Structure formats: structure tokens, C-alpha cells
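I have placed the structure first, in the form of C-alpha cells, so that the comments after it can refer back to it.
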Amino acid sequence: MTSQDDAIGTGQVDVSGDHIASLLVPTVKGINATFTTGCHTGCKSLYVPDGSDIKTTEDLKGKTIGLTDGIGKSDHNIALRFLNKDNIEPEEVNFKAVSGDAIILSMQNGEIQAAILSDQFAKRFLDDGSIRIIRSLTFDEDFEHEPCCIHVINSDFLEKNPITAKKLTRAHQNASDWIEENKEEFVDIMLENNWSSGDRELVLEIAKSLNFKISDADTETTLVNIINDYKKFGILDESIDTEATMKRVWKPLLQN
């Protein structure tokens, strides 16, 4: 597997497993990439200190959400979607970039009142009672069918090699289907090859929280929703035609 920069920037074949929140904006703006299928649901949530009075996103008005990947990046966009879903204007909440190694302490000392965290990173703090979830891509009914990550193919490669591109997408989907049915073996393979780290039971619990059999219909709906949300937030130009954009960036090859 190539890196995102190699695959999209220099004409290599394939990149998979990258977050839609990171890839969508550059793709819509012209990066030479095409989405072909979703990867899995999850895997980030909005957390607050367990002893906090904050119960819902409504309680975050005037408060600060910490972001480990910085302002304007994927975690910021995820937070905006949570707020938008709950009819809260972005300017009613503050955001602050905080390094990953300081994010929990920053919540505990009151520097920030909430944070967007990956569920795997947050799990041990969730289990020891330090933090709790108030909004989640992984567990909330209105987000649980959305893919967080998506399979991408270089657009030039797709145009010149449509059969191979379709085979790549099918191989990816077959692997995802296998993972969904064999999560214990999947976790063992990940750990044996140092593709994941940490306690096996924790990694397995996270794997079980994700749905790897995400449908193309759900992926398409998610892309449309995110494009429209980003237009509302000003992340994408409001004049962008969503339907035309989808025809350009989304090609579910296995439906053909």
C-alpha cells in the first residue's frame, strides 16, 4: 500500500483507509483521486471529562473543544458536523489545537472542556472513568451507518486501467467482508505484523465496534451529506453543485 501523497500525487495505484474528512475537500478541489467504496464505520467520538456537567453538545455553547490534528483538519470538521446535526452554530463553540499527549490532561485541568478523539486512543481513559462520550460517529444512531474511511484510486489510473481498478476495489471489499466475519483472526494478524499495537482485547473491542461491510449506498449518502455540510460551514464553496461533484469524485465500481 502506498502513502496518500504517493498514490494521489505521483500517479501510483491505490490508497485505502484514509478518513473521508481528510480526503473529501482536496478531492472536491481537484486532487486527482476517485472514491470507489467505503472502508468501515467509526471511529471517532466527542469526549468530555467524566465529572463534567456537560451532557450534550448544547452544553458546549461558550466552551472549548480540543483538536489533536489542529484547526481546519478532519477532527475540526467532525466536530462541526456534530454541532450542525444538533442545530448549534459553530461560532457558539470555541476550538483549540492541543497535542495528543496533552489532550486528556487539558480536559482534566479545564483548559478545554471536550475533545474529538479516536475511540482506540480514548478507550483506556473511557474504561478507567476519566472521560465519557457525548457524541459519536461510531455509536450514535444518526452516524453509525456512515463510513469514516474510504477507498481511493488515482483518477488517471482508473481511466487507463478500469478493469484493474475494479479488481482492486473488489479485493478491498472482499477483505473487508472477511474482516467483518473474522475479527479475532484479523486482530491477531494486525498485531503479529505490527500493523496495530496495544492490548489484544482492547484492539479486538475496537474492531468489533466497527462495521466493515459498509454499503456503497451508505457511502454515497455520507458523501452527499458531508459535501452539503461543508458547503454550509464554508469549508467548500457554497456554489459547488453537489450532484455534479458526486459524478466526478464518486465511482462505485462494483455496481457496474
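Over all other residues within a Cβ to Cβ distance under 10 Å of LEU204, the charged ones net out to -2, with Lys and Arg as +1 and Asp and Glu as -1. Considering only alpha-carbon pairs that sit under 8 angstrom and 6 or more positions apart, the relative contact order computed for the chain is 31 percent. As a calculated quantity, the FRET efficiency between LYS85 and ILE163 at R0 = 41 Å, using C-beta atoms, amounts to about 0.55. Measuring r between the beta carbons of SER130 and VAL224 and using R0 = 45 Å, the FRET efficiency lands at 0.75. The per residue volume of the convex hull around the alpha-carbon atoms of the stretch 61-207 is 157 Å³. Between LYS29 and ASN193, the FRET efficiency from the beta-carbon distance, with R0 = 30 Å, is close to 0.30. Just the protein heavy atoms count here, and of the accessible area of the chain at 1.4 Å, carbon and sulfur take up 47 percent.
Packing-based ranking of 67-80, 34-47 yields 34-47, 67-80, ordered from highest to lowest mean Cβ neighbour count within 10 Å. The alpha carbon centroids of the stretch 52-117 and the stretch 142-217 are separated by 28 Å. Between ASP237 and ARG200, the distance separating the two model label sites (each 7 Å from Cα on the Cα→Cβ line) works out to 5.4 nm. Treating the angle as unsigned and between 0 and 90°, give the value, to the nearest 10°, between the Cα long axis of helix 74-85 and the longest Cα principal axis of the chain. Here the helix axis deviates by roughly 70 degrees. Amide H to amide H, with H built 1.01 Å from N, PHE139 comes under 5 Å of no residue 5 or more places away or on another chain. Prolate is the label for the stretch 171-224. Its Cα gyration tensor axes, ordered a ≥ b ≥ c, give a/c of at least 1.5 and a/b above b/c. Students often get this wrong, so try it: which of [x] 55, 48, 31; [y] 86, 42, 34; [z] 50, 44, 37 is Cα extents along the principal axes in Å as calculated from the structure shown? Given [x] 55, 48, 31; [y] 86, 42, 34; [z] 50, 44, 37, the calculated one carries the label [x]. For a label point 7 Å from the Cα of MET246 along Cα→C-beta, name the residues of the stretch 66-108 whose backbone N is under 11 Å from it. Hits in the stretch 66-108 for MET246 at 11 Å: none. As a rough guide to protection, the peptides 110-121, 164-175 ranked by mean Cβ packing within 10 Å, highest first, stand as 110-121, 164-175. Give me log10 I(q)/I(0) at q = 0.15, 0.17 Å⁻¹ for the stretch 121-173, Debye formula, one equal scatterer per alpha-carbon, no solvent. Results for the stretch 121-173 at q = 0.15, 0.17 Å⁻¹ read -0.65, -0.70.
The values are calculated or read from the model by the stated rules, or taken from the named source; none is laboratory data. All figures in this text were calculated on a predicted structure; none of them were measured in a lab. With ideal geometry, Cβ positions are generated from the backbone for all residues, glycine too; neighbour counts draw on all protein chains shown. All accessible areas refer to the heavy atoms of the entire protein, side chains included, with ligands and DNA or RNA removed. Shrake-Rupley method; radii C 1.70, N 1.55, O 1.52, S 1.80 Å.
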